[in-house]
There are 2 protein chains.
Amino acid sequence: MIEVEVKARAPPGIEEKIINLGGAKIGEETHHDLYFNSPYHDFAKSDEALRIRIKEDGAYLTYKGPKLDPDTKSRREVRVKIADPLAMETILESLGFSLAAVVKKRRTKYSLEEAVLCVDDVEGLGAFLEVELSGGADWQVQKRTALDIMAGLGISESIRESYLELLAEGRDGR
Amino acid sequence: MIEVEVKARAPPGIEEKIINLGGAKIGEETHHDLYFNSPYHDFAKSDEALRIRIKEDGAYLTYKGPKLDPDTKSRREVRVKIADPLAMETILESLGFSLAAVVKKRRTKYSLEEAVLCVDDVEGLGAFLEVELSGGADWQVQKRTALDIMAGLGISESIRESYLELLAEGRDGR
């Protein structure tokens, strides 16, 4: 499935702006994300990602393919719920994958039109906004919607780097 | 966790012999097993295995390390329950792993002492017996127990090849 995603640094008062635009708060989550790399296939170069996410409702293994366009973070994403993240980590390490980084964040989710807006407070990086749409017939249309929502919130500058890359680059922006 | 496993072709009347030895039938399962290989790391050479097993109670991803001794199929095994085997297969293929073989079997399980005895009817291969013990403090002691049970059933010749290897070698024994 293609996941359309646009990300930006969250300006002050972003949650009020989302609500003023008609957004509704739909949840809060704590993410403990383990990112893996492979000695055979450098994901930083191939622009892929392999992640175990542990959150309140369980754990998930996610593969993300290379980004699809120069403007957004849209990419193919495949996810499976797993019963035991520690066993999954052991399997990945047995297969040669190595833990590359851990990212922790608090995510507050809003629903707006057909998008999900995530206000993320990322440990070591600060506050970000992600606008996500997925599962649509035409991801280019969804990309336009995501960029329009960003514009409606007064945000013109988006970021294509993952939290993983931002942490690696040491740009903590504080 | 080390899984001690001894395997042999099942002689006629094996299930009666197990019951006569004090075994109790504990279940029947249908296994649909997908075995994967990696272009980076040939599991046939490294004596490892990566498998998605789909059975009645759900699906599992299992990694098996190289065999630990020359007499049995004992090896380290790590298993995680997965909610969606098709998504797991897509993730493995995205990471470069390729589906190498599919093995289907009907397994009848017996409990005998601290062992589980599996009488397997494997599509294309015929009937086999596996004696399994796991989770003990000393796998060498468990290995002795497994070999003693085999001897008690009148079986002296064990097989170290996996069903995957037996199918690949085309020894269908019929």
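The values are calculated or read from the model by the stated rules, or taken from the named source; none is laboratory data. Remember, it's a predicted structure, so these values are computed and weren't measured experimentally. Counting neighbours? That spans all protein chains shown, and the Cβs are built from the backbone with ideal geometry, glycine included. Surface accessibility is based on the protein's heavy atoms, side chains included, excluding ligands, DNA and RNA. Shrake-Rupley method; radii C 1.70, N 1.55, O 1.52, S 1.80 Å.
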Practice prompt. Would you mention how many residues in the range B:155-168 are open to solvent by 70 Å² or more (accessible area, probe 1.4 Å) and more than 12 Å from B:K73 (Cα to Cα)?
Written response: 3
Item to complete: Starting from residues that are under 30 Å from A:Q142 (Cα atoms) and acidic (D, E), keep the ones in the range A:71-91 and report whichever is nearest to the other protein chains (Cβ to nearest Cβ).
Response: A:E77
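Looking at the range A:56-68, which of its residues are of a type outside the set (G, A, S) and surrounded by 14 or more Cβ atoms within 10 Å (Cβ to Cβ)?
To start, the set of residues in the range A:56-68 that are of a type outside the set (G, A, S) comprises A:56-57, A:60-64, A:66-68.
Those that are of a type outside the set (G, A, S) and surrounded by 14 or more Cβ atoms within 10 Å (Cβ to Cβ): A:Y60, A:L61, A:T62, A:Y63, A:K64, A:K67, A:L68.
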Response to the item:
With the first residue restricted to the range B:148-167 and required to be at pLDDT below 90, and the second required to be open to solvent by less than 20 Å² (accessible area, probe 1.4 Å) and among the small types (G, A, S), Cβ contacts under 6 Å at 6 or more apart or on different chains are none
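Please report, ordered by residue number, the helices (runs of 4 or more DSSP H) entirely within the range B:1-118 with at least 2 residues that are at pLDDT below 95.
Values: elements: B:14-20, B:43-46, B:85-94.
Where helices (runs of 4 or more DSSP H) fall fully within the range B:1-118 and carry at least 2 residues being at pLDDT below 95, they are B:43-46.
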Worksheet item: Which condition does B:Q142 not pass, out of (1) in contact with a strand residue (DSSP E or B) (Cβ under 8 Å, 6 or more places away or on another chain); (2) modelled with pLDDT under 90, if it passes all the others?
Response: (2)
Item to complete: Would you be able to tell me the number of residues in the range A:24-55 that are facing chain B (nearest Cβ under 10 Å) and crowded, with 19+ Cβ neighbours inside 10 Å?
Response: 5
Discussion item. Considering only residues that are surrounded by fewer than 19 Cβ atoms within 10 Å (Cβ to Cβ) and not aliphatic (A, V, I, L, M), which ones fall in the range B:78-107?
Written reply: B:K81, B:D84, B:P85, B:T90, B:E93, B:S94, B:G96, B:S98, B:K104, B:R106, B:R107
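Can you say whether B:S38 is touching a Phe, Trp or Tyr at 6+ places or on another chain (Cβ under 7 Å), in contact (Cβ under 8 Å) with a residue 40 or more places away in the chain and within 15 Å of A:S94 (Cβ to Cβ), as far as the supplied structure shows? If you could, list the steps in order and put the result at the bottom.
On the way: touching a Phe, Trp or Tyr at 6+ places or on another chain (Cβ under 7 Å): yes; in contact (Cβ under 8 Å) with a residue 40 or more places away in the chain: yes; within 15 Å of A:S94 (Cβ to Cβ): yes.
Yes, satisfied.
Say whether the condition of being of a type in the set (A, V, I, L, M) and within 14 Å of another protein chain (Cβ to nearest Cβ) is met by at least one residue in the range B:92-103.
Our first condition is that a residue be of a type in the set (A, V, I, L, M); within the range B:92-103, this holds for B:92, B:95, B:99-103.
Now restrict to residues that are within 14 Å of another protein chain (Cβ to nearest Cβ): B:92, B:95.
Yes, there is a match, as at least one residue in the range B:92-103 is of a type in the set (A, V, I, L, M) and within 14 Å of another protein chain (Cβ to nearest Cβ).
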Fill in: Lone qualifier among B:T90, B:T72 - being over 19 Å from B:Y163 (Cβ atoms) and of a type outside the set (A, V, I, L, M, F, W, C)
B:T90
Response to the item:
Restricted to the range A:84-118 and to residues being of a type in the set (V, I, T) and touching an Asp or Glu at 6+ places or on another chain (Cβ under 6 Å), the residue nearest to B:G65 (Cα to Cα) is A:V103
